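Participant: Have a look at this one.
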Amino acid sequence: MKLMLSILTGLTLAVPRSVVAKAKPVACPGYHAGGSRPEEVERFYTLRAVAIVRAGLANDTVALMPLVSPTAKFSTWRGDYSTGSILDGVPNAVFWSQDLKAFAFEKAIFVTGPITVQPLRCDQSTDILFRDQSKKTGVMVNFKFVDGILIKATGREAELTDGLVR
């Protein structure tokens, strides 16, 4: 007999009931024992990504070491070309963070209601908009984490438009 699981993304998977019964949650940074609200997890990884950018801007390699994989890749697409370093890991995190020219960040965290989640695998991603000082351009960055450690950050530059509705 199949058990239908509805995932937050709207994806529906058919999983045998025996697999669900045997699945054990894993320990994962950002999650509490017994389950966490999706908003808490998203906030945790957003703030972790911002801490990485801040440490990179400050050239704080000591702070970056436990947060960034030695093989982490970083790049930013600016139109039809990509900027980044041939280095990996912490040295690239420093170079990339400074190239980002981030002044402020923005993140929309969707409210999911009274549910909790517990991971079966410890991999997370989060998208954050970093704005420059002019607030007219920014970079939308997707950060990918495994076991709480950053393995990849890919950005795409964008022109920003905002204004009042009333």
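Quick note: the coordinates plus some simple rules give every number you see, no bench work behind them. It should be emphasised that the depicted structure is a prediction, and the values quoted were computed from it without experimental measurement. Counting neighbours? That spans all protein chains shown, and the Cβs are built from the backbone with ideal geometry, glycine included.
Participant: Calculate, axis by axis, the spread of Cα positions in region 58-166 along the three principal axes, and write the results as whole Å, longest axis first.
Facilitator: 47, 41, 27
Participant: Looking at region 102-166, which chymotrypsin sites (Phe, Trp or Tyr not before Pro) are DSSP coil and have at most 10 other C-beta atoms within 10 Å of their C-beta? Present the calculation step by step, with values, prior to reporting the outcome.
Facilitator: Numbers: sites: Phe103, Phe105, Phe110, Phe130, Phe143, Phe145; in loops: Phe103, Phe110.
Those satisfying the criteria are Phe110.
Participant: If you don't mind, another one. At 7 Å along the Cα-to-beta-carbon direction for both Val117 and His32, put a label point, then send me their distance in nm to one decimal.
Facilitator: Result for the modelled spin labels: 1.7 nm.
Participant: Within 10 Å of each candidate Cβ there may be at most 10 other Cβ atoms; applying that plus a DSSP loop requirement, which trypsin sites (Lys or Arg not before Pro) in region 23-71 survive?
Facilitator: Nothing satisfies the criteria.
Participant: Just to confirm the filter: which trypsin sites (Lys or Arg not before Pro) across region 93-145 are DSSP coil and have at most 13 other Cβ within 10 angstrom of their Cβ?
Facilitator: Numbers: sites: Lys101, Lys107, Arg121, Arg131, Lys135, Lys136, Lys144; in loops: Lys101, Lys107, Arg121, Lys135, Lys136.
Passing both the DSSP loop test and the Cβ count: Arg121, Lys135, Lys136.
Participant: Which aspartates and glutamates, if any, have their Cα less than 12 Å from the Cα of Lys135, not counting same-chain residues under 8 positions apart?
Facilitator: Glu106, Glu159, Asp162
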